[in-house]
């Protein structure tokens, strides 16, 4: 589970951080306030881009903590600027990478309590595969979609990042 939580999820957060560079450059080139992008959404009832970044970070830090038996760090949801979002991303990546791989031993046998599912728990593997990974990618995809729909030059390779090819 270490690979999925730390390597894959933190890579996705780093890619998201790079999209923020593109958002800033786009806003500067178009002479618009970058905050209008940070508050962007695809539908009136959708949470804004800022929330999407916060949520992606929350799922990564929660998985790193709960699957490794660590205490979940508390992050206030008070970011309003690109720099504050970057700090949230860095804080999350730093925490996830600080948990030694050995702490994930036995993660399959751990259970995770979710605040919204009173009286129920999930096994570690199910939590990773059914909650963490889908939610991380969902929220990151929403950031991508909001930026893309606003005109920011992000493409599929920005979403995928560097691919680990091997010799055939």
Failed criterion for residue 117 (all others in (1) part of a loop (DSSP other than H, G, I, E, B); (2) under 24 Å from residue 51 (Cα atoms); (3) modelled with pLDDT of 90 or more; (4) more than 17 Å from the chain's Cα centre (by Cα) hold): (3)
With respect to residue 80, determine if the residue is out of contact with any strand residue (DSSP E or B) (no Cβ under 6 Å at 6 or more places or on another chain), assigned to a loop (DSSP other than H, G, I, E, B), closer than 27 Å to residue 49 by Cα and in contact (Cβ under 8 Å) with a residue 24 or more places away in the chain. yes
What is the residue count in the range 18-36 for residues that are modelled with pLDDT of 95 or more and either surrounded by 15 or more Cβ atoms within 10 Å (Cβ to Cβ) or in a helix (DSSP H, G or I) (or both)? 13
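Residue by residue, here is whether (1) under 23 Å from residue 130 (Cα atoms); (2) touching a helix residue (DSSP H, G or I) at 6+ places or on another chain (Cβ under 9 Å); (3) not in a helix (DSSP H, G or I) holds:
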position	(1), (2), (3)
59	yes, yes, no
76	no, no, yes
90	no, yes, no
93	yes, yes, no
96	yes, yes, no
Scope the range 88-130; condition crowded, with 17+ Cβ neighbours inside 10 Å and in contact (Cβ under 8 Å) with a residue 60 or more places away in the chain; matching residues: 89, 92, 93, 96, 99, 104, 107, 124, 127, 128
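Given the residues 133, 140, which is the only one that is modelled with pLDDT of 95 or more, under 15 Å from the mean Cα position of the chain (by Cα) and either closer than 21 Å to residue 2 by Cα or crowded, with 21+ Cβ neighbours inside 10 Å (or both)?
Details: 133 fails: modelled with pLDDT of 95 or more.
Residue meeting the stated conditions: 140.
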Test residue 45 against the criterion of being closer than 30 Å to residue 22 by Cβ, outside any helix (DSSP H, G or I) and out of contact with any helix residue (DSSP H, G or I) (no Cβ under 9 Å at 6 or more places or on another chain), and give yes or no. yes
Residues 127, 144, 137: which one is part of a helix (DSSP H, G or I) and in contact with a strand residue (DSSP E or B) (Cβ under 6 Å, 6 or more places away or on another chain)? 127
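The values are calculated or read from the model by the stated rules, or taken from the named source; none is laboratory data. Just so you know, these numbers come straight off a predicted model, no measurement behind them. We place every Cβ from the backbone using ideal geometry, glycine too, and count neighbours over all the protein chains shown.
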